[in-house]
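Quick notes on the structure that follows.
The values are calculated or read from the model by the stated rules, or taken from the named source; none is laboratory data. Note that the coordinates shown come from a computational prediction; the quantities given were computed from them, not determined experimentally. Methodologically, a virtual Cβ is constructed for each residue, glycine included, from the backbone with ideal geometry; neighbour enumeration extends over all protein chains shown.
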Amino acid sequence: MRKHMRHFAGNGCCWLLAVFLVFVLSVPDSAAEGFYVGLEAGFSKSGDLDVSQSFIDHPTRCDSFLYPSGVTPPMDAECTTDRISTIANVFAPGAGFAGGATLGYALGCGLRFEAEYLNRRQGSHRKLAILGSGGGGETFDQKQSEWDQNDPPSERVYDLRAHHFFLNVYYDLRNDSPFTPYIGAGAGLGSTEMRYSARFLRGDALGTEPWQVAAAGTLSHIDTELGKTRFGFQVAGGVDYALGDNLSAGAKVRWTRLGGFDRDEVSWTLVRGHESIRADGVTPLTADFEVDDTDIWTFTIGLKYYP
C-alpha cells in the first residue's frame, strides 16, 4: 500500500506541473492582492502506518510470579539472558474528518503565501499480531502454543488525532473565467497522537506443570498513547470559483508526508495477569515503539474572503 501511495504521489506532482505549464502563459497582468482568510472542511485518508515495539522477553516458565512462595523459579540461561522480541504490524486507519483555517497574503502577481492550520481525526484498525517465523523473535516463537485459539493475539490503532501547522506558497493560474486553478507546496509541523493497544490471552489448558497451571487463562495487555510533533512537507492543488469581488469557493487536494518518531520505555498494563514486571519479579517490563513516516491525502472544500 505504501508503494502505491508513493506512486500516486509521484503522479500527482507530475499532474500539478503539467497544469502549471498549460496555464502559466495565460496569466493576465492583474490578480487579487492583499490579505485573505479561509475556512475549509472535508476528509483525510492515511497511507500505511507501520508500528513496531521491542522489549526484553523471557519464556513463560521463567516468570517468578507463576511459582508458589518458597519455590525457586528456573535460573537457566534462557531465564537469565535478556533477548529482544519485536511485534510489528502495518495499519490502515480509516478515512476521517479534516478541517481547518488559513491566513494568507496575495502579492497580485499570482503568488500567494499562506499560514495553514488543519485538524484531522481518523478511525481505528485492528489486526492480528504478527508472530512466529521470525516475526516476534526466538522467545516469542516458543509461546505460539500458549495463545487462546478463540482469541488470538491482536493489535489495534485507534482514535488518531493530528494538528498540522504549515507555511505554504501557491501560484494562481489566472485566466478569463471565474475558475482559478492553483498549485503549491509547503512545509511545517504535524502533531500526531493515537491510541495503541495489544492483547495476548493464554489458553485455559497449557499443561500440568505448576507454571502452566498458574499461567492458564492469563492476559498480557498494553494500552497506551503514541504521539509526537514531527516535521512534514506537502504538495497541493485546487481550484477556486469567484462568487464575487471578495469571496470565492473552492476545492483542494493535498498530499502530506510526516516524519516517523520513536517512543521509549512505555510500560505494559498487565503481564500474564500480574503487574508489568519481567520474569525476574523485579524489573518493570517496558517497550520501545517506532512509528514510520506517514503519508496523508486530504480533500477539502472551503471559502476564501478578501477583506
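Can you say whether LEU160 is in a strand (DSSP E or B), at pLDDT 95 or above and on the phi < 0 side of the Ramachandran plot, as far as the supplied structure shows?
So LEU160 fails the test.
Determine whether HIS221 is out of contact with any Lys or Arg (no Cβ under 9 Å at 6 or more places or on another chain), surrounded by fewer than 17 Cβ atoms within 10 Å (Cβ to Cβ) and in contact (Cβ under 8 Å) with a residue 40 or more places away in the chain.
Criteria not met by HIS221.
So the check is Cβ under 6 Å with 6+ separation or different chains; which pairs have a first residue in region 139-150 that's within 17 Å of ASP63 (Cα to Cα) and in contact (Cβ under 8 Å) with a residue 24 or more places away in the chain and a second one that's among the polar types (S, T, N, Q) and buried (at least 19 other Cβ atoms within 10 Å of the Cβ)?
THR139/SER85; PHE140/SER85
Based on this model, can you work out whether GLY232 counts as within 28 Å of ASN89 (Cα to Cα), among the small types (Gly, Ala, Ser), touching a residue at least 12 places away in the same chain (Cβ under 8 Å) and buried (at least 18 other Cβ atoms within 10 Å of the Cβ)?
Taking the combined requirement at face value, the residue satisfies it.
Which of the residues belonging to region 256-276 are crowded, with 19+ Cβ neighbours inside 10 Å and on the phi > 0 side of the Ramachandran plot?
ARG272
Filter region 269-282 for residues that are assigned to a loop (DSSP other than H, G, I, E, B) and in contact (Cβ under 8 Å) with a residue 60 or more places away in the chain and give the result.
Residues satisfying the conditions are ARG272, ARG278, ALA279, ASP280, GLY281.
Given the criteria at pLDDT below 95 and within 30 Å of GLU33 (Cα to Cα), does ARG174 qualify?
yes
Mind checking whether some residue in region 122-134 is basic (Lys, Arg), touching an Asp or Glu at 6+ places or on another chain (Cβ under 8 Å) and surrounded by fewer than 18 Cβ atoms within 10 Å (Cβ to Cβ)?
Yes, because at least one residue in region 122-134 is basic (Lys, Arg), touching an Asp or Glu at 6+ places or on another chain (Cβ under 8 Å) and surrounded by fewer than 18 Cβ atoms within 10 Å (Cβ to Cβ).
Can you go through ALA279, ALA287 and tell me which one is at pLDDT 95 or above, of a type in the set (Gly, Ala, Ser) and either under 30 Å from LEU118 (Cβ atoms) or surrounded by 20 or more Cβ atoms within 10 Å (Cβ to Cβ) (or both)?
When all the criteria are applied, what remains is ALA287.
Would you say ALA92 is surrounded by fewer than 19 Cβ atoms within 10 Å (Cβ to Cβ) and either within 30 Å of ALA249 (Cβ to Cβ) or modelled with pLDDT under 95 (or both)?
Yes; evaluated as a whole, the condition is true for this residue.
Can you name the condition, by its number, that ILE183 falls short on among (1) assigned to a strand (DSSP E or B); (2) without any contact (Cβ under 8 Å) to a residue 60 or more places away in the chain?
Status for ILE183: all satisfied but (2).
I need the full set of residues from region 197-250 which are in a loop (DSSP other than H, G, I, E, B) and within 30 Å of ARG174 (Cα to Cα), in order please.
LEU243, GLY244, ASP245, ASN246
Exactly one condition in (1) surrounded by fewer than 16 Cβ atoms within 10 Å (Cβ to Cβ); (2) in a strand (DSSP E or B); (3) not aromatic (Phe, Trp, Tyr) is false for MET194; which is it?
That leaves (1) as the condition not met.
What's the total number of residues in region 284-307 that are touching a residue at least 40 places away in the same chain (Cβ under 8 Å) and farther than 30 Å from TYR105 by Cα?
Within region 284-307, residues that are touching a residue at least 40 places away in the same chain (Cβ under 8 Å) and farther than 30 Å from TYR105 by Cα number 8.
Given the criterion surrounded by fewer than 19 Cβ atoms within 10 Å (Cβ to Cβ) and without any contact (Cβ under 8 Å) to a residue 60 or more places away in the chain, identify the matching residue among TYR117, TYR105.
Criteria check complete, one pass: TYR117.
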